[in-house]
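Participant: Before I ask anything, let me first share the structure, which is written out below as structure tokens.
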Amino acid sequence: MEKIPREWLEAIAKNAMAAVIILDKQRTIRYANDAAVRMAERSGKSNSDLIGTSYDDILALSTIRDEDGNLASIESFPTYLALHEGKE
């Protein structure tokens, strides 16, 4: 299988309509595309505020609800389950 060039991946992430962030193992944001920045700006954050920030701190600023309209806990987020419990 041929490896996808890094430039292609960067172009896809940059131009995606959905928010794309890259976290390190400590859940610190290392990359955020324009869509992620727009979402964060609603909470008063800028791109420079995002890079180096804990993902959990960003999530704590947001009100996220589950399918039934109830407040969702960070522990129920797919990213939390993947990083902390190894679930896909």
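Every number here is computed from the coordinates shown, using simple stated rules; none is lab data. What you are looking at is a predicted structure, and each value in this text was computed from that prediction instead of being measured. A quick note on method: Cβ atoms are made from the backbone with ideal geometry, for glycine too, and the neighbour counts reach across all protein chains shown.
Participant: Return the label of the correct value of Rg and Dmax of the Cα atoms in Å, as calculated from the structure shown, out of [x] 14.3, 44; [y] 12.3, 36; [z] 16.1, 69.
Facilitator: Working out Rg and Dmax of the Cα atoms in Å from the coordinates points to [x].
Participant: Same structure again: For every other residue with a beta carbon closer than 13 angstrom to the beta carbon of residue 73, add +1 if it is Lys or Arg and -1 if Asp or Glu, then tell me the sum.
Facilitator: -2
Participant: Here is a follow-up. Let me check I've understood the local charge: for residue 27, count other residues with C-beta under 14 angstrom from its C-beta, Lys and Arg +1, Asp and Glu -1. What total comes out?
Facilitator: My count for the surroundings of residue 27 gives -3.
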